[in-house]
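First comes the structure, then the notes that go with it.
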DNA sequence: CGGTCCCTTGATATTCATCAATATCAGTGG
DNA sequence: CCACTGATATTGATGAATATCAAGGGACCG
């Protein structure tokens, strides 16, 4: 019941897992044929849920597979010379992690599970073979990587140009958007990462993050109960995130 | 002589351009066959040199091609709501730009030439077709994009965690490494970008960049004559860049 | 040679990090 | 169920790093 091999469950059921997966359109090419879905299905290993603190992979690990998140959340981070950590991303269902390892064959970052999380493991050699046979699969992979590059560039702007307030607002808006896109509430959600992780990711001290949450509450922008977040004034928060607001306590 | 169409020159000569290009191993899969090089050659459009200030593409432009830099340098940047600019990268010969546009079909950033620069234009639809026929080409593209994602993540660490000194040192070291890899001097080179661009890229004010150059000179780390840079103590600069030094004026 | 842009330098202001103390939370075992 | 423990969060006081403001000096271009 609790062994570590890919959960076998019912083969017939699994066989259609990708086709039925709610993340379907997030990770599959739009026009992919049914038998192609089946072929993809066969190379994907569904792993039993990981729990908070587990590593999906670690810096230095040999690159064998990319991972799709089915449920839960993951943080990726690198370790700097001094032993310091830099969080490079928070990843939600439907997202692919491990893409940065392709070019060297070794993971240049680590991935840690933030809450109970289900992952699909996609062995990369199989994915490459399959991409050669199903061109739209390769194209989709390239598209996903392109999006990744673009969103990293946006993050650069965030860290390079924005104030602490704008950064936190931007993170909350990003999470809100991504959750909504996946069918969750845009206004109310659970922050699976610690304040420390948030600060690290945004390039801020923990204390600053904490003060910001307090200030946002005073301004009536959000209600934050520990990890539970409720966005009260979504548009104002969005305005703050894009820098087009001066953050007044309601005009 | 100075029309805008792809320079025709000698067809026979061009036909082998990719094979002879000094950037060969940077943009071609290692094990690619001769006739495959030929096929790639045929889809690549060599454009006549662009001059400083020219745009390769602009934010909002329809995505048609990616561009390889043969000689010269390019900066990429996005424009924020407030009209502000965020420089997202400086690109040297052998690098590919425009990859962030693939997933939407519209360029989310602009690319501006920093000095007289030769570009190869690679129409993306042709590249996709060719990748379906030459699997190693598609794989190489994916590898290049993977590297891009990884280097963006490193930049995130730079902006999130490092001091002003460390940032500038890291930029100089990065340029030095990349130039050396391309056969140029690692210790002496021309900064084609303005102080403004550097500050923008590093998330610093121009004045700070200027002061840093002064300080680096006082410390004997570099000699900077306007745009001409000479690295005097490469290892010390590298140590500073990785944060493993306290920047003493020579111990 | 004049104009404009870019760079440098100095003085001051601001933001955010750091230090320190307390408070809260999530487990753990009694 | 409660007390205990370590991790995590909040809050306040202080300081350092860097932005901003202001002015002068070069470099490049017509």
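What the table below lists for this structure:
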quantity	calculated
Those residues of the stretch B:85-114 which are farther than 22 Å from residue A:142 by Cβ, within 16 Å of the chain's Cα centre (by Cα) and not in a loop (DSSP other than H, G, I, E, B), in sequence order	B:86, B:87, B:90, B:112, B:113
Residues that are touching a helix residue (DSSP H, G or I) at 6+ places or on another chain (Cβ under 9 Å) and either farther than 18 Å from residue A:157 by Cβ or more than 10 Å from every other protein chain (Cβ to nearest Cβ) (or both), drawn from the stretch B:71-95	B:75, B:90, B:92, B:93, B:94, B:95
Per-region count, the stretch A:43-77, residues within 18 Å of residue A:105 (Cβ to Cβ) and either part of a strand (DSSP E or B) or within 16 Å of the chain's Cα centre (by Cα) (or both)	7
Wholly enclosed helices (runs of 4 or more DSSP H) of the stretch B:147-246 bearing at least 3 residues more than 14 Å from chain A (Cβ to nearest Cβ), near DNA strand D (Cβ under 10 Å from one of its atoms) and within 27 Å of residue B:78 (Cα to Cα)	B:206-218
Test: residue in the stretch B:104-127 that is within 10 Å of another protein chain (Cβ to nearest Cβ), free of Cβ contacts under 8 Å to residues at least 40 places away in the same chain, closer than 27 Å to residue A:76 by Cα and crowded, with 21+ Cβ neighbours inside 10 Å	no
Test for residue A:64: is it more than 24 Å from residue A:206 (Cα to Cα), more than 14 Å from chain B (Cβ to nearest Cβ) and touching a residue at least 60 places away in the same chain (Cβ under 8 Å)	yes
Out of B:98, B:138, sole residue that is within 11 Å of another protein chain (Cβ to nearest Cβ), surrounded by 17 or more Cβ atoms within 10 Å (Cβ to Cβ) and in contact (Cβ under 8 Å) with a residue 24 or more places away in the chain	B:98
Lone qualifier among B:231, B:149 - being at pLDDT 95 or above, out of contact with any strand residue (DSSP E or B) (no Cβ under 6 Å at 6 or more places or on another chain) and surrounded by 20 or more Cβ atoms within 10 Å (Cβ to Cβ)	B:149
Failed item, numbered, when residue B:171 is tested on (1) surrounded by fewer than 16 Cβ atoms within 10 Å (Cβ to Cβ); (2) within 28 Å of residue A:86 (Cα to Cα); (3) more than 11 Å from DNA strand C (Cβ to nearest atom)	(1)
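The values are calculated or read from the model by the stated rules, or taken from the named source; none is laboratory data. Everything numeric here is computed off the predicted structure, so don't read it as measured data. Glycine also receives a Cβ, built like all others from the backbone with ideal geometry; neighbour counts cover every protein chain displayed.
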